[in-house]
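The structure appears below as structure tokens.
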Amino acid sequence: MIKQILRKLPRKSQKSDSLDSAGNDSDNHASNSDDGVQCTNFGNKISSRLRVVKRVSSAVFPASIMAGVEAVEPNLSFNNVSNPQKPNLFISKLNLCCEACNSSDPDKGTAEQDLKRRTLIELVDFVSSGSAKFNEAAIAAMCKMCAINLFRVFPPKYRSNTASGEADDEEPVFDPAWSNLQLVYDLFLQFIGYSSLDAKVAKKYIDQPFILRLLDLFESEDPRERDCLKTILHRIYGKFTVHRPFVRKAVSNIIYTFVFETERHNGIAELLEIFGSIISGFAVPLKEEHKMFLCRVLIPLHKPKSVGVYHQQLTYCVVQFIDKDPKLANSVITGLLKYWPVTNSQKELMFISESEEILEMISMTEFQKIMVPLFRRIACCLNSFHYQVAERAHMLCNNEHVLNLIKHNRQIIFPLIFPALERNSRNHWHQTVLNLTKNTRKMLSEIDDELTLACERKLEEENSQSNEASEKRKLTWERLELAAGFEPAAANLVPPLKPATCSVAC
């Protein structure tokens, strides 16, 4: 019955109408089945979705652009064709590289891979020679070839989310298909950096969706691929000025997701390295948008455990901002104190180093705004039982520029750090820290001996007051114990409970 109905339907010769004929077949089948309505709806949904995909792809890489291109045998060499035919041969070779290799037949698949690799090498040599001319059809073919070969979905991550010190010890994962990917990246990089490339035409194909897919590739675990992507994205940012705000916003969204949701991303260091050079090119005075990028994107990046993977690049970006606007040092130090680690000593070492770099650039006015909370934290670091943290804090205090800041504000800073030095000299277990504490105390005495002696007397008074308060508490507890009928020696013993008796007469 179904075959008879299908024979009566007119056949359409064009491949583009095959989806419509499938929809009509599902309609005819629906009249003879109880589930026909569901099948019809399902077929219509699929056909409509495929039409949408087709419209989107044709909008990005329209077929009308290729209509006037004369087909040239892609296996020919560039040396064997005339100069007017070289652009067409270039497009033919790009289209050849768009075809996927056959995985069902190993021998045929290997031959196709070798052919594709030789074609990519030939394309790279042709572009690097400087004789290539990119018209709109060539630009569209190039972007299409790169999209097909590069844009892909990575498998889920099974590697553990390690701390900052352990993340560097993991061996990198290398993509087995890198030999072909590298050729595509090299070709695309030379294409982006080509001097005669018309950015006004190219931006129609290197558009926002294309850049988003390119940013997704920073999730690759292969460091070689991320390094290529870093260079390509930097070239795109420099060449296509119209995309600059979008790139900054897209990278901000990636960092937001990393900091506040997943804490998993492989390309944060590379993205920050790109932004290090971008920030150095910001005009002075800084725009409010750029200041918000520092406060909302860069400073929260100190929060994740894996900050050690990208801390060097992050510090460079922060220092570039402070170099542009010294008043931002206050906001950066406040953010560091907000995310200062309590139990992660390796992370604490990074924060002390970054604080030292910022203090070397800070002005006296901005320093006076944050010196009290900062040196309270430095005093805690001086008392740290992790000897490396204590050593690094002493080195910070001995920095020439920081020492100059301490001298000019010694009336406030000396009382903050002197108790920590005194506790170190009495209780610290590491000999190197004890020696550094002795030297630091001597240095403070040389700066202002009277103030040092005053801090020492005040510390003794506070210790005596603390001892008196402790004795008073002890005597108060003894009186309470006597009043409750306990012996002081047996204060911790709990008397047995007596059984409850009913006082109401029955």
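Kindly indicate the residue of region 385-428 that is outside any helix (DSSP H, G or I) and in contact with a helix residue (DSSP H, G or I) (Cβ under 8 Å, 6 or more places away or on another chain) and also most open to solvent (accessible area, probe 1.4 Å) among those meeting that condition. I'd like the intermediate steps shown before the answer.
First, the residues of region 385-428 that are outside any helix (DSSP H, G or I): 385-386, 398-399, 409, 428.
Among the residues that remain, those that are also in contact with a helix residue (DSSP H, G or I) (Cβ under 8 Å, 6 or more places away or on another chain) are: 386, 398-399, 409, 428.
On the way: 386: 59, 398: 75, 399: 23, 409: 13, 428: 16 Å².
Ranking the candidates gives 398 first.
A Cβ distance below 8 Å, combined with a sequence gap of six or more or placement on separate chains, defines the contacts here; from region 403-424, residues that are more than 11 Å from residue 374 (Cβ to Cβ) reach residues that are hydroxyl-bearing (Ser, Thr, Tyr) and part of a helix (DSSP H, G or I) in the pairs 414/452; 418/452; 421/437; 421/440; 424/437. Residues in region 185-213 that are open to solvent by less than 50 Å² (accessible area, probe 1.4 Å) and without any contact (Cβ under 8 Å) to a residue 40 or more places away in the chain: 211 alone.
Residue by residue through region 442-473, note down the ones that are hydroxyl-bearing (Ser, Thr, Tyr) and under 21 Å from residue 408 (Cα atoms). It would help to see each step written out before you state the result.
First pass over region 442-473, keeping only residues hydroxyl-bearing (Ser, Thr, Tyr): 445, 452, 464, 466, 470.
Answer for region 442-473, where residues must be hydroxyl-bearing (Ser, Thr, Tyr) and under 21 Å from residue 408 (Cα atoms): 445, 452.
Which condition number does residue 457 fail, the rest of (1) modelled with pLDDT of 90 or more; (2) in a loop (DSSP other than H, G, I, E, B); (3) among the charged types (D, E, K, R) being met? If we test residue 457 against (1) modelled with pLDDT of 90 or more; (2) in a loop (DSSP other than H, G, I, E, B); (3) among the charged types (D, E, K, R), just (2) comes out false. The set of residues in region 267-292 that are open to solvent by 20 Å² or more (accessible area, probe 1.4 Å), aliphatic (A, V, I, L, M) and assigned to a helix (DSSP H, G or I) contains only 292.
Taking region 293-312, which residues are surrounded by fewer than 19 Cβ atoms within 10 Å (Cβ to Cβ) and over 14 Å from residue 355 (Cα atoms)? Those that are surrounded by fewer than 19 Cβ atoms within 10 Å (Cβ to Cβ) and over 14 Å from residue 355 (Cα atoms): 295, 296, 300, 303, 305.
The values are calculated or read from the model by the stated rules, or taken from the named source; none is laboratory data. If you're wondering where the values come from, they're calculated on a predicted model, not measured in any experiment. Counting neighbours? That spans all protein chains shown, and the Cβs are built from the backbone with ideal geometry, glycine included. Remember, those area values only see protein heavy atoms, side chains included, never the ligands or the DNA or RNA. Shrake-Rupley method; radii C 1.70, N 1.55, O 1.52, S 1.80 Å.
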